[in-house]
1. Quick one: count up the residues across the range 212-238 that are in contact (Cβ under 8 Å) with a residue 40 or more places away in the chain and either more than 14 Å from ligand 2 (Cβ to nearest atom) or of a type in the set (Gly, Ala, Ser) (or both).
2. State all residues of the range 14-46 that are over 27 Å from the mean Cα position of the chain (by Cα) and of a type in the set (Ser, Thr, Tyr); if no residue qualifies, say none.
3. Which numbered condition trips up Tyr202, out of (1) buried (at least 20 other Cβ atoms within 10 Å of the Cβ); (2) within 22 Å of the chain's Cα centre (by Cα)?
4. For the range 304-331, what are the residues that are in contact with a strand residue (DSSP E or B) (Cβ under 7 Å, 6 or more places away or on another chain) and farther than 12 Å from Gly120 by Cβ?
5. Please go through the range 314-366 and give me each residue that is acidic (Asp, Glu) and exposed (fewer than 13 other Cβ atoms within 10 Å of the Cβ), ordered by number.
6. Within the range 93-178, considering only helices (runs of 4 or more DSSP H) that don't extend past its boundaries, which have at least 2 residues that are more than 15 Å from ligand 2 (Cβ to nearest atom), out of contact with any helix residue (DSSP H, G or I) (no Cβ under 8 Å at 6 or more places or on another chain) and not acidic (Asp, Glu)?
7. From the list Ile160, Ile148, exactly one residue is surrounded by 18 or more Cβ atoms within 10 Å (Cβ to Cβ), closer than 30 Å to Met329 by Cβ and assigned by TED's automatic domain parsing to the domain that holds Met287. Which is it?
8. Just to be sure I understand the filter: pairs with C-beta atoms under 7 Å, separated by 6 or more residues or on different chains, first member in the range 134-159 and of a type in the set (Ser, Thr, Tyr), second member within 16 Å of ligand 2 (Cβ to nearest atom). Which pairs pass?
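The values are calculated or read from the model by the stated rules, or taken from the named source; none is laboratory data. None of these values were measured; they are calculated from a predicted model. When we count neighbours, we look across all protein chains shown, and the Cβ atoms used for this are built from the backbone with ideal geometry, even at glycine.
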Amino acid sequence: MRIVRISDLDNYIGKEVAKPLRLKDGRIYVNSNIRITKGSVNALQRNIDNLAHRFITIHTDDSEDIDLYDDIISDELKFEAKDKIEATLKQFSSRRTERVKKMTNEIINNLYSNPNTIFGTNMLFLAGGEDHAVHCLNVAILSAIMAIKAGYNKNELEKIVLGAALHDIGMAKIDKRLLDINYTYNKKEDYLEMQKHPLEGYNLVKNKINVLSKRIILMHHVWEDFNASYDSGMDTYMSYPHKLNNTLLDGQYKDLSISIVQTADVFEAMTNKEAGYKSAKSKAEAMEYIRSMKFVQFGAGADYLVNYITPYDTGTEVILNNREKAVVMRYTNLPQRPILKLLTGDDKGEIINLMDKKFLTLKIMS
Ligand SMILES: [Fe+2]
Ligand SMILES: [Fe+2]
């Protein structure tokens, strides 16, 4: 089996689809066992913005024992969760929040009951992070994985993942123009307006939600170093709410749970937003950025991303530094050093473990 980016599907004409691919509204668009033709590639590529994933799972003749993790959280659960989040982002109420909580708890239970340790995000995320409900759902799923690895108990997990699912709820109070991914921010006021969303969100949920979730909503853009800032032209990239004073939250500082959601938030936004001229970064690039900004921006949560999430999903083809191609078969516990099957070169067909001393000089390039 392979997980193939739909934009690269031309190389797989004649192969069979292994798992159904759905539209964003939940309907099945391509069923399993359909043979891929030039026509179906064209149709998929034309409809890419309407598909639930940017990847498709297909059968190949070899590599039968690839571990795939994409069924741990079903697409159906994701769609239902997305709908509940969407309704709550639109109009916050305690009743709607309870419905989101039911969904996020189910996501936590599914992850809990699965012993697999290393996840990729190709099939885990719904495509289209420019849609706020999709973005919030993906951030919740990723935060759940990271928070489980960090050892939080069930009760804390439920609050963290609910906070992640609603972290951008304050966007409802922000000028709608700024939320369109195709809108180019062209004045300083645009950034200042956008930066109001954590405090707006906090005020919106006040007294109607638990303290841990509320702190995530308020502090998910607070940096480790409050005073650091990077000038990128008109925008100053920095921690906000500006001058957040800790009396706002009974003297509480940014803790690991906030750091985890913040890391998940940036990773999702960098890798999963694709619209117009804004194209997503690769997961390896996003991880490199997050690692480099750990002490300034993210804090300890960054470690739970780079230690437990892989940029190279099982089932995907990768290129090694010796220029040979391979497919990722499974992980033991190291997201950069999986077990691979070589697809080219003298040792074609051989299965190698990148942790094996013989192969330590090899690494995945892309
Ligand atoms: Fe945000
Ligand atoms: Fe966000």
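1. Total meeting the criteria: 11.
2. If the condition is that a residue be over 27 Å from the mean Cα position of the chain (by Cα) and of a type in the set (Ser, Thr, Tyr), then Thr37, Ser40 are the ones that fit.
3. So Tyr202 meets the others, but not (2).
4. Once the filter is applied, which keeps residues that are in contact with a strand residue (DSSP E or B) (Cβ under 7 Å, 6 or more places away or on another chain) and farther than 12 Å from Gly120 by Cβ, the range 304-331 yields Glu317, Ile319, Leu320, Glu324, Lys325, Ala326, Val327, Met329.
5. Hits for the range 314-366 are Asp346, Asp347, Glu350, Asp356.
6. Fully inside the range 93-178 and qualifying: 94-112.
7. Criteria check complete, one pass: Ile148.
8. Ser143/Ile160; Ser143/Val161; Ser143/Ala164; Ser143/Ile260; Ser143/Val261; Ser143/Ala264; Tyr152/Ile160
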